[in-house]
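See below for the structure under consideration.
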Amino acid sequence: MIFLCSVLIMGGILYWNIQEKQNLQTSGKIEEQSDYIKWVEFNVTCEAMKKACQYDVDTYGETVHLNWIELLAYLGAKYGGDFSIYQETDMEEIADKMLRENVTFEEMTENMEYYSYYQEAYHAVLVGMLGEYQIQTLDENTGKKEWKKVYGLKAFHPIAKGFPYSDYDDFGVSRTYGYQRNHLGHDMMGQVGTPVIAVESGYVYELGWNQYGGWRIGINSFDGKRYYYYAHLRQNRPYAEGLEKGDIVQAGDVIGYMGRTGYSSEENVNNIDEYHLHFGLQLIFDESQREGNNEIWVSGYELVRFLYQNQSEVQRNDKTKEWSRIYSIRDPAVQEYMKEQNN
């Protein structure tokens, strides 16, 4: 192989080859290089995610629980990462073997050489989106809100319910402002002031002006694997009232408002042609990947389509002109993170 097999590329995931790493360390050419994922191409379709998610929810608490990430990773290994050939019957076949034939997942994947690669990569993308949580619901008899414990999709669409937008798969297309580069996000065109929603619970890592993204928000997942980037927010009042760097947000919270700021070294400038939200998702397997040439950004197009089934309902305060969610959630991930921080 080229370059003495120093890297292995398979189905969109790139790993440092352990043997070659050891050879280079022995020769003194490098001091140390960890074995972690270097590149991910996430093109799992909305339809595949919906089907896998439904299997997971339907079998939760049963003798055989079908984990949606494992189902998708199996198909990723089967397809070589190419979900353009996805067929629903392929997933049904896996589920039937486990549910009716008592075949274990370990048995089905023991000879799949690259299954672990897809499992780790897809886990990094999806692990925070499904689980137990509590959500407020409206009691039809009393008209009052009550808390309900559920298991299911707890990630939200990045645009609030009832607000129109248009989009297409624009990941990787050319951008020229500042320098020639690829578009590492997903643009959603809409109206100025449209409430922008936190997809997953986490903490505000970045908040402020960037000449490319304008007013933007960066939110870290609690496990440190995902960095959600929301850019080109509204001029003058880009953020939800009181939002500050370091704050904890829950999935479904209003965090800011759609605008067209950016493409300017001067702050608070509208220099984008069209009102839209730039939604980006970065994966971080090692802190060296957070900034620079080693960053891993994945397409959000299919994820946004998948999350459309769970949009946050919001209401407007006419006095402050601020939007807020109607139904709150209690995400156990928030409590676990706060407990860790206090210890």
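Rounded to the nearest 0.05, what FRET efficiency do Gln136 and Arg181 give with R0 = 56 Å and r taken as the Cβ-Cβ distance? Could you check?
0.85
On a straight-distance basis, which aspartates and glutamates could pair with Lys148 in a cross-link, Cα separation under 16 angstrom, same-chain partners fewer than 8 positions away excluded?
Glu132, Asp139, Glu140, Asp331
Probe of 1.4 angstrom, ligands and nucleic acids ignored: what's the accessible area per residue over the chain, in square angstrom?
51
Per the Kirkwood treatment, what hydrodynamic radius in Å, one decimal, follows for region 223-343 from the mean inverse distance over all distinct Cα pairs?
16.9
Once you compute Rg and the Kirkwood Rh from C-alpha atoms, what is the Rg to Rh ratio for region 219-258?
Here the Rg-to-Rh quotient is 0.96.
Starting from the 7 Å offset along Cα-to-Cβ, what nm value, one decimal, do you get for the label separation of Asn210 and Arg290?
Computed distance between label sites Asn210 and Arg290 equals 1.3 nm.
What do you get when you divide the Cα radius of gyration of region 50-112 by 2.2 N^0.38 Å, with N the number of residues?
Dividing the Cα Rg of region 50-112 by 2.2 N^0.38 Å gives 1.06.
Any idea of His123's accessible area? Nearest 10 Å², probe 1.4 Å.
Using a 1.4 Å probe on the heavy atoms, I get roughly 80 Å².
Points 7 angstrom from Cα along the Cβ direction at Tyr36 and Ser328: gap in nanometres?
Output for this residue pair reads 3.5 nm.
Distance check, please: which entries in Lys51/Lys97; Lys144/Lys339; Lys225/Lys245; Lys161/Lys321; Lys145/Lys245 exceed 21 angstrom between their Cα atoms?
Lys144/Lys339; Lys145/Lys245
How long are the semi-axes of the ellipsoid equivalent to region 60-153, from square roots of 5 times the Cα gyration tensor eigenvalues, in whole Å, largest first?
33, 16, 12
Can you list residues whose amide H is under 5 Å from Phe42's amide H, if they're 5+ apart or on another chain and H is modeled 1.01 Å from N?
Those lying under 5 Å, H to H, from Phe42 are Ser299.
Under the Karplus relation 6.51 cos²θ - 1.76 cosθ + 1.60, θ = phi - 60°, what is the ordered set of whole-Hz ³J(HN,Hα) values for region 273-279, x standing for Gly and Pro?
5, 10, 5, 6, 9, 8, 10
Suppose every K and R has +1 on its Cβ and every D and E has -1 on its Cβ; what is the size of the dipole of region 222-343 about the Cα centre, in Debye to the nearest 20?
Taking the Cα centre of region 222-343 as origin, the dipole is about 400 debye.
Treating region 164-287 as a set of equal point scatterers at the Cα positions, no solvent, please give the Debye-formula log₁₀ I(q)/I(0) at q = 0.15 Å⁻¹.
Each listed q maps to, in turn, -0.65.
Mind checking which helices in the chain clear 30 Å along their axis (Cα) and have mean Kyte-Doolittle hydropathy of 0.0 or more, DSSP H runs only?
Counting only whole DSSP H runs, no helix qualifies.
Which is farthest toward the positive dipole end of the chain among Tyr179, Gly224, Gly259, measuring Cα position about the Cα centre, with Cβ charges +1 (Lys, Arg) and -1 (Asp, Glu)?
Gly259
Rounded to the nearest 20 Debye, what is the dipole magnitude of the chain about its Cα centre when Lys and Arg each give +1 and Asp and Glu each give -1 at the C-beta?
The calculated dipole for the chain is roughly 1200 debye.
If you stretched the chain out fully between Ser116 and Ser265, how much longer would it get, using 0.36 nm times the residue separation minus the C-alpha to C-alpha distance?
49.3 nm
If every alpha-carbon in the chain counts as one equal scatterer, what log10 I(q)/I(0) does Debye give at q = 0.12, 0.15 1/Å?
-0.95, -1.36
Using the 2.2 N^0.38 Å rule of thumb for compact globular proteins, work out how region 84-230 stacks up: its C-alpha Rg over that value, please.
Cα-based Rg divided by the globular estimate yields 1.39.
The values are calculated or read from the model by the stated rules, or taken from the named source; none is laboratory data. For clarity, every value in this text was computed on a predicted model and none was experimentally measured. Glycine also receives a Cβ, built like all others from the backbone with ideal geometry; neighbour counts cover every protein chain displayed. For the accessible areas, the whole protein counts, side chains as well, though only heavy atoms, and no ligand, DNA or RNA atoms are used. Shrake-Rupley method; radii C 1.70, N 1.55, O 1.52, S 1.80 Å.
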